[in-house]
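What follows is a set of notes on a single structure, which appears directly below.
Please treat every number below as a calculation from the coordinates, not as lab data. This one's a predicted model, so the numbers in the text were calculated from it and none came from an experiment. Here the Cβ positions follow ideal geometry from the backbone for every residue, glycine too, while neighbour counts run over all protein chains shown.
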Amino acid sequence: MEKRTLFVVLVCVLLGFSSCNYYPKEVVYESNFKTLDLRVYADQWTFSNEGRYYYCTFEVPELTSKIYNYGVVTCYREYNKGTNDAYQLPLPQTIHNVDAGNGALYTSTIDFSFAVGLVEIVLTNNDFIYCAPVIYSAPEGMDFRLNMVW
């Protein structure tokens with residue numbers, strides 16, 4: 001019995017000395033952030049015949065090459081802006097729709113892309129007939145929130 005106890009203690013001691021220890025080095029980064037509200041009015045959507053989508057491009061001088069290369073840029077669609085019921089959903093966002101005229105089902109995807117000094121909001125319908133400006137009107141006005149951290 002004593003040999004067994006001695007063996008267990010010895011194994012525990014050896015494992016204790018041979019276990020890996022990780023001492024994380026605390027690194028504190030100074031972070032900066034900027035939040036911008038973007039509004040796309042219904043008449044600001046531009047239709048791309050080539051890509052069959054709607055888009056709106058914003059000049060954002062605050063989006064510098066430093067943010068582009070080393071920061072994080074996120075965008076949210078904001079619903080009910082300015083009310084107590086306001087909420088945000090991150091992009092990309094997929095919305096399921098029903099055509100009021102014929103009951104056809106389709107989805108819309110809202111996404112964004114960015115470059116130094118520019119942000120583009122894009123809305124694409126999965127059934128391209130719902131993109132044709134001759135048949136259907138442009139999307140409604142929408143509010144967005146652009147967040148930059150660097």
So if each residue of separation counts as 0.36 nm, and I subtract the Cα-Cα distance between Thr107 and Thr74, what length gain in nm does that give? 9.7 nm
Students often forget the sequence filter, so: which aspartates and glutamates lie under 12 Å Cα-Cα from Lys34 once same-chain residues fewer than 8 apart are removed? Glu62
Through the Karplus equation 6.51 cos²θ - 1.76 cosθ + 1.60, θ set to phi - 60°, convert the phi angles of the range 62-69 into ³J(HN,Hα) values in whole Hz; use x for Gly and Pro. 5, 7, 8, 5, 5, 5, 4, 7
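Mind giving me the FRET efficiency for Asp127 and Tyr41? R0 is 22 Å, r the Cβ-Cβ distance, nearest 0.05 is fine. Walk me through the intermediate numbers first.
Numbers: r = 25 Å, r/R0 = 1.12.
For Asp127 and Tyr41, the calculated efficiency is 0.35.
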Which ³J(HN,Hα) values, rounded to whole Hz and listed in residue order, are derived for the range 75-86 from phi using the Karplus coefficients 6.51, -1.76 and 1.60 in 6.51 cos²θ - 1.76 cosθ + 1.60 with θ = phi - 60°, glycine and proline given as x? 9, 10, 8, 10, 9, 6, 3, x, 10, 6, 9, 5
Using each residue's phi in the range 93-100, evaluate 6.51 cos²θ - 1.76 cosθ + 1.60 at θ = phi - 60° and report the 3J(HN,Hα) Karplus result to the nearest Hz, with x for Gly and Pro. 10, 10, 10, 8, 10, 10, 5, 5
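If you average the sequence gap of Cα pairs under 8 Å that are 6 or more apart and divide by the length of the range 42-150, what percent do you get for the contact order? Each step should come with its number before you reach the end.
Working: 198 pairs, mean separation 40.9, N = 109.
The normalised contact order for the range 42-150 reaches 37 percent.
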Enumerate the amide H contacts of Leu63 below 5 Å, restricted to partners 5 or more residues apart or on another chain; note that Pro and chain-start residues carry no placed amide H. Gly117
Using a simple spin-label model with points 7 Å from Cα along the Cα→Cβ vector, what separation in nm is obtained for Asn147 and Lys66? 2.1 nm
When the charge dipole of the range 70-131 is computed with +1 at the Cβ of Lys and Arg and -1 at the Cβ of Asp and Glu, the Cα pointing farthest to the positive end, of Thr83, Val98, Tyr70, is that of Tyr70
Give me the one-decimal nm value for the distance between modelled label points at Lys81 and Asp99, 7 Å along each residue's Cα-to-Cβ direction. 3.1 nm
